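Engineer: Sharing a structure, written as structure tokens. Questions coming.
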Amino acid sequence: MRESWIKRLLPDDEYKRDQSLYFLAESAILAIVLSMILLLINYTSSSWSFGGELYLVVFPVTIVIYVFLRYVFSGIEYADVFTGKEYRYKMKNILFQSTMFFVFFLVLYTLYTGIPSESEGWFDILGVSLLGFVLMFIFNLVSLKISHKKNNS
């Protein structure tokens, strides 16, 4: 790969780097098409009118979500998991990382919002932190299962 600033943002592994570049290119094309569809709807329909903010959000959100989902569902994250022992080790690692994320997010979010005086405030803080834990755990688990299945076939 040529020297470029984007190289610093990509994985060191050549296969992961190539796949990530494909995902970025696919997402950019998808975002452009989606933006064109929104523009077409905006100019041809009198009942639907979008503000400029929507166009500013659609492009980067489409790229981030598409690349993230393609990376998770491609099975390239855990390329070194072949045996059941490695799978169980990575599973424990994912659980530990998700738990640590939960704890750090809970502490930081509590410091940011302040210690709530009512129980509803604690439910809000715990709910957001737990949602982050669950999403992180599920995405990593799905990626691990797909990688393990792909590596064993």
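Engineer: Mind ranking Ser153, Ser119 by accessible surface for me, highest first, 1.4 Å probe?
Structural biologist: Sorted by accessible area, descending: Ser153, Ser119.
Engineer: As an exercise, identify the trypsin sites (Lys or Arg not before Pro) in segment 1-106 lying in DSSP coil whose Cβ has no more than 14 other Cβ atoms within 10 Å.
Structural biologist: Arg2
Engineer: Give me the percent of the accessible area of the chain that comes from carbon and sulfur atoms, probe 1.4 Å, all protein chains in place.
Structural biologist: On the chain, the fraction of accessible area on carbon and sulfur atoms equals 69 percent.
Engineer: When all protein chains stay in place, what accessible area (Å², nearest 10, 1.4 Å probe) is found for Phe82?
Structural biologist: That residue has around 100 Å² of solvent-accessible surface.
Engineer: Something else now. How would you classify the chain from its alpha-carbon gyration tensor, with a ≥ b ≥ c the square roots of the eigenvalues: rounded for a/c under 1.5, else prolate if a/b is greater than b/c, otherwise oblate?
Structural biologist: Taking the square roots of the gyration eigenvalues as a ≥ b ≥ c, the chain is oblate.
Engineer: A follow-up question, please. Report the one residue of Ser98, Tyr87, Gln19 whose Cα lies farthest in the direction of the positive end of the charge dipole of segment 1-148 (charges on C-beta: Lys and Arg +1, Asp and Glu -1; origin at the Cα centre).
Structural biologist: Tyr87
Engineer: State to the nearest 20 debye the size of the charge dipole of the chain about its Cα centre, where the only charges are +1 on K and R beta carbons and -1 on D and E beta carbons.
Structural biologist: Computed charge dipole of the chain: roughly 620 debye.
Engineer: So, taking all protein chains as they sit and a 1.4 Å probe, how much accessible area belongs to Ile65, in Å² rounded to tens?
Structural biologist: Here the residue's solvent-accessible area equals roughly 90 Å².
Engineer: With every protein chain kept in place and ligands, DNA and RNA left out, what is the accessible area per residue of segment 20-153? Probe 1.4 Å, answer in Å².
Structural biologist: Result: 68 Å² of accessible area for each residue.
The values are calculated or read from the model by the stated rules, or taken from the named source; none is laboratory data. Computed from a prediction, not measured in an experiment: that's the story for all the values here. Because the Cβ atoms are built from the backbone with ideal geometry, glycine has one as well, and the counts that use them run over all protein chains shown. What goes into the accessible areas is simple: the full protein's heavy atoms, side chains included, and nothing from ligands, DNA or RNA. Shrake-Rupley method; radii C 1.70, N 1.55, O 1.52, S 1.80 Å.
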